[in-house]
Amino acid sequence: MLRAYVWLFLAFLYAPILLLPVFAFNDGTVIAFPLDGFTTRWFGRLTTNTELHAALGNSVVVAASSAVLAVLLGLAAARAQVRYRWPGKAGMMGLIMLPLVLPEIIVAVSLLVVAVQVFGLRLSLLTLVAAHTLICVPFAVAILNASFAALDPSLEEAAIDLGETRASTFRLVTLPLVMPGIVAALLISFTISLDEFIIAFFLTGSDVTLPVYIWSLLRFPRELPVIMALGTILVILSIGILTLAEWNRRRGLKRAGMDDKGGFL
């Protein structure tokens, strides 16, 4: 019964996604059965849409910047959590991980008020990068915690005993050993930022990101097949990135000689 429940749950969760390529290759503009025929013209429309290209470029810039910043901050937080003790450590780490459980709509409205009313900032891609960094840091910390926990402290101690400084030990010993976790955190953070809509909807200025642009297309029913084609490409891209991130995670555990106790998600 448990196995049947799992399969039913997966079917309920992913069946709508599996319909994306079905309607992306459908010749009709109405998203309904029966299908009108096979076509690839909706994918061709994607190559000529300049507004879509601009939104995609904005999303890539924001996602790449947010991922790099989140991993840099996550490295410091994960390192401190695994290797050091200080007063209030549990509370501080809880605050860092808090965006994982807070409703995004609350986070988005709060950030909007702080950015506009408190600091008087103009909404732009910079404000969106800061917001996406905030929500990506907990994911980076969760992944990097496992990487630092799997690292044998005696390796760093041996390097220091042999004459290396703490900085050179971190650069030459620690970073290479946790690099699979860093790559996995980068890929996950990039995917989360690329797909995020609610915070982008509130904090994007005139330069919209891809999810916000897709939302604007929903007002035009004849554009729905184009959204289906775009969604098909994004799903394939997301699955590829997540697969690569999981492969890096497992490679890191294998190098550390640890048992795999489950995926990082």
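No lab work stands behind these numbers, since they all come straight from the coordinates. The shown structure was predicted, so the numbers you read here are calculated from the model rather than taken from an experiment. So basically every Cβ, Gly included, is an ideal-geometry build from the backbone, and we count neighbours across all protein chains shown.
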Sum of side-chain charges, A77 neighbourhood, beta-carbon under 15 Å (Lys, Arg +1; Asp, Glu -1): +4
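Pop the C-beta distance of N49 and E246 into the FRET formula with R0 = 41 Å and round what comes out to the nearest 0.05.
Values: r = 32 Å, r/R0 = 0.79.
Calculated transfer efficiency: 0.80.
For the range 1-65, what class follows from the C-alpha gyration tensor (a ≥ b ≥ c being the square roots of its eigenvalues): rounded when a/c is under 1.5, otherwise prolate if a/b is larger than b/c, else oblate? If you can, show how the numbers build up before the last one.
Values: a/c = 4.42, a/b = 1.33, b/c = 3.31.
Verdict is oblate for the range 1-65.
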Net lengthening on full extension, L95/I239 (0.36 nm per residue, minus Cα-Cα): 48.9 nm
Average projected area [Cα convex hull, the range 34-176], square nanometres: 15.0 nm²
Rounded if a/c under 1.5, otherwise prolate or oblate - the range 116-170, Cα gyration tensor axes: prolate
Of E51, E196, E157, the one that fluctuates the most in a GNM where the chain has Cα springs shorter than 10 Å: E157
Label-to-label distance, nm, for residues given as L19 and I105 (7 Å Cα→Cβ offset): 2.4 nm
Choice from F139, F148, F43 showing the highest fluctuation, given a GNM over the chain with Cα pairs closer than 10 Å: F43
Relative contact order computed over the range 51-256 (Cα-Cα under 8 Å; 6+ residues apart), in percent: 34 percent
Förster radius 22 Å - calculated FRET efficiency between A167 and R85, Cβ distance, rounded to 0.05: 0.55
Two-site label geometry, A64 and I198: point separation in nm, points 7 Å out along Cα→Cβ: 2.9 nm
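So if R0 is 25 Å, what FRET efficiency would D36 and R219 give, r being the distance between their Cβ atoms, rounded to the nearest 0.05? Walk me through the intermediate numbers first.
Values: r = 23 Å, r/R0 = 0.91.
Computed FRET efficiency for D36 and R219: 0.65.
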Least to most buried among T48, T204, T209 (fewest other Cβ within 10 Å first): T48, T204, T209
Per-residue Cβ neighbour rank within 10 angstrom, fewest leading, H132, H53: H53, H132
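Can you tally the net charge around A131? Count Lys and Arg as +1, Asp and Glu as -1, for every other residue whose Cβ sits under 13 Å from the Cβ of A131.
Working: positive: none; negative: E104, E196.
It works out to a net charge of -2.
Can you classify the chain as rounded, prolate or oblate using the Cα gyration tensor, where a ≥ b ≥ c are the square roots of its eigenvalues, rounded means a/c under 1.5, and otherwise it's prolate if a/b beats b/c and oblate if not?
Working: a/c = 2.25, a/b = 1.60, b/c = 1.41.
It is prolate, given that a/c is not under 1.5 and a/b is the larger ratio.
Could you line up F190, F38, F197 from fewest to most neighbouring Cβ atoms inside 10 Å? The partial results should precede the final answer.
Values: F190 24, F38 8, F197 16.
Ranking F190, F38, F197 by Cβ neighbours within 10 Å, fewest first, gives F38, F197, F190.
How much net charge surrounds T209 when only other residues with a Cβ under 13 Å from its Cβ are counted (Lys, Arg +1; Asp, Glu -1)?
Values: positive: none; negative: E51, D195, E196, D207.
So the surrounding residues net to -4.
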